[in-house]
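What follows is a short report on a single structure.
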Amino acid sequence: MATYRNEELVRKQRKLAATQARRKVYTQVEKPVSKFDHMSPDEREAFFAKERKRAGKVLKRRNGFIKAAMGLGIAVAILASVMALVPIFYTFINSFMSSAEIQDNYGVIFQSLSGHAGDKGATYLDKTPVLRMVPERVTLEQYKTLLFMSPAYLLKFWNSVIMVVPIVLGQLVVASLASYSFARYRKRRREILFFSYVILMLMPFQVTLVPNYMIADKLHLIDSFWSIILPGIFSTFSCFLLTKYMRQIPSSYIEAAKLDGATEWQIFTKIALPTCKSAIFALAILLFIDYWNMVEQPLVLLTDEQKQPLSVFLSQINEAEIGIAFAASALYMIPALLIFLWGEEYLVEGISHSGIK
Amino acid sequence: MSEKQQQRGEVLLKRSELNKQKKRLHRRRKILDWGVFTGYLLPSLLGVFLFFFMPLLMLLKTSFQKSSTNTDFVGFTNYTRVITNGAFKDASINTLTFALIAVPLAIVLALLIALLLNSGMPGKSIFRSILLNPMMVPVASIVLIWQVFFSYNGVINGWLGNLFGLDKIDWLKSSYAQIVILIMFIWKNLGYNMVLFLAALNNIPTEVIESAKMDGAGPVKRFFAIKMHYLSSTIFFVGIMSLINSFKIFREVYLLTGDYPFDTLYMLQHYMNNAFRHLDYSRLSSGAIIMCIVMIIIVGFLFFAEAKFGGDIEE
């Protein structure tokens, strides 16, 4: 007992000493001697002027550096943008050339592509095409031939539309229902199912195409648009993104709606869908461009040349038709670009949210 | 006393009955919930089952059969036939090398551009939409202009010849072909990846960056010590997306060079297409199964890596 008390006493004393020492630090700090104390006012003035000048110089240099870096950055960004735009730009420019000019200018390229001569399958001509900012003569000739004289083109365009629109709409409906379920009902087995959806989404079509073909064969769908539309509708990509989105809806919203007596359907249509509006628009754009782009599926599943979409048709344009090829490409690009212009904000927002947990 | 006990017993009885009722209700609610949400899931589930799961099982079955007409069980002969096939080997090596080069490059370049745009330079949103533009352009319509640039008598060769007096390079039919395809891949996917990174960069709390600045961390240190930490899950996501997209590069290759491109461009999809044309289903299905397994391994590894290294990001 005694030793205990002793210890406590010692501890108290130590504590006191420490406190006092700390106080000393705060109260008895010596004012440091600076070199300004020994300077006369004039000297001080001069010193400060010098320092100010030096600081100004440093600041200026730093500002210059920042400006230069910024300039460099802008230059890089502009370069990247130019590279991004040049191919698109030239497709449009070339689409306003007359067919004769295109033949004249780009004929060389397509000769070498169709493999006329040469051991490497290329002709060894000295001429190379010139990229012109403005065609020699701006005409709508290509577009005219394309729209009024080649029904095949319009047919293919229509084929593309007839395949893409049902896929986009169907997949959005199916996926929004499914992802609502995945977002609200989170049991172990469902999570496993969801994970298998993710795996399916990640499968390249090199894998899924064969199964697609087999089932289409079983259902006698080969060579009909349904063989492409049906698997497209049930593709799991949008399920994944929408589920990610719907899980971000605060559960308090849903609880509140439930307390007010809302049914699941009401929660789905009045809360879940409106909150995911931008995601749905973004998905619609992404899906549209993805399926507008498709090449593999029609190549394998549609054997009838008449039913091929424009994307496949464009790749088979040969030398004789290059006069209209650019206009065809440009026209094919336009729906996608228009949709992009219309929904860029949604797209950016949708993409941005998809990456954030 | 006994009255009190009786009362207590009654209360207990009531409570247990109530509990029972509650439990029953709860169970009913649970079943109802299950029913409702399964109902929501049903259309998708049916479709996925019919068009993806079942065919995959069929695939598994045919991969062990002699041919689509002859259903004899032949064990792993199809697999060994596919694996020892030179074309399949080349195709998978090409596809994998392309993914291994393209995915990191796409990540790094997009990150650099995103950092650049995020450094407070003017016109950020304009650059963003310009760079996002290529994503929207259908491959089929841009292929023409790529041909103009990269074919043997193309524009690039013309420029190189005029400016540096270089010999013509047959870009698409030489070992440069992968570089050309790489350029197209980056051109197309840079914008998408960049937007993802921009969003992630915007999500980093400014206080953290500010305080690091106060503590005297330079831009490089700030990037590696702080931003990388916050970006890691986005990097993972971008990696997965780029991986998926890198498998889609077949489109460009096919549209540029057709069924039988230069050796280094022979992708797995070419192999598949050609097998289709020969109607060799058993070869096809074992090839697809092998790819499926490889994909699952890659994805599993990525998820594992993310869980291991990205786990501490979530606050």
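Rule-based calculations on the coordinates, nothing more; no lab input. If you're wondering where the values come from, they're calculated on a predicted model, not measured in any experiment. Note that we place each Cβ from the backbone using ideal geometry, even for glycine, and neighbour counts take in every protein chain shown.
A few points about this structure:
- Diffusion constant of the range B:72-129 at 20 °C, which comes from Stokes-Einstein with the Kirkwood Cα-pair radius and 1.002 mPa s, µm²/s: 141 µm²/s
- Of all lysines in the structure, those lying under 28 Å Cα to Cα from residue A:12, and not within fewer than 8 positions of it along the same chain, are A:24.
- Note on residue A:223 and residue A:53: with the Förster distance fixed at 51 Å, the Cβ-Cβ geometry gives a FRET efficiency of about 0.05.
- Value at 222 nm in deg cm²/dmol, rounded to 500, when DSSP H runs of n ≥ 4 in the protein assembly as shown each add -39,500 (n - 2.57): -24500 deg cm²/dmol
- Residues of the range B:244-281 with an amide N closer than 15 Å to a point placed 7 Å from the Cα of residue B:301 along the Cα-to-Cβ direction: B:244.
- For chain B, diffusion coefficient by Stokes-Einstein and Kirkwood Rh (Cα), 4 °C, 1.567 mPa s, µm²/s: 52 µm²/s
- Under the span-like rule (Cα at least 24 Å along the axis, Kyte-Doolittle mean at least 0.0), DSSP H helices of chain A: A:41-95, A:151-184, A:322-355
- With the simple model of a label 7 Å out from the Cα in the direction of the Cβ, residue B:97 to residue A:277 spans 5.1 nm.
- Among B:111, B:182, B:279: highest mean-square fluctuation, GNM of chain B, C-alpha pairs under 10 Å: B:279
- Kirkwood hydrodynamic radius of the range B:1-63, Cα pairs, Å: 16.1 Å
- With the simple spin-label model, which puts each label point 7 Å out from Cα in the Cβ direction, the residue A:34 to residue B:160 separation comes to 6.5 nm.
- Once divided by 2.2 N^0.38 Å, the Cα radius of gyration of chain A becomes 1.71.
- Screening chain B for whole DSSP H helices of 20 Å or more along their axis (Cα) with average Kyte-Doolittle hydropathy at least 1.0 returns B:86-118, B:177-202, B:228-247, B:281-309.
- From the largest down, the protein assembly as shown spans 108, 106, 51 angstrom on the principal axes of its Cα atoms.
- Computed 3J(HN,Hα) for the range A:136-149, one whole-Hz value per residue from the Karplus formula 6.51 cos²θ - 1.76 cosθ + 1.60 where θ = phi - 60°, is 4, 9, 7, 9, 9, 3, 4, 4, 4, 4, 5, 7, 10, 10, glycine and proline marked x.
- Estimated inter-spin distance, residue B:23 and residue A:342, nm [label 7 Å along Cα→Cβ]: 5.8 nm
- Estimated Rh, the range B:28-172: Kirkwood, alpha-carbon pairs, angstrom: 22.2 Å
- Think of the protein assembly as shown as a dipole: +1 on every Lys or Arg Cβ, -1 on every Asp or Glu Cβ, centred on the Cα centre; then among B:49, A:88, B:262, B:49 lies furthest on the positive end.
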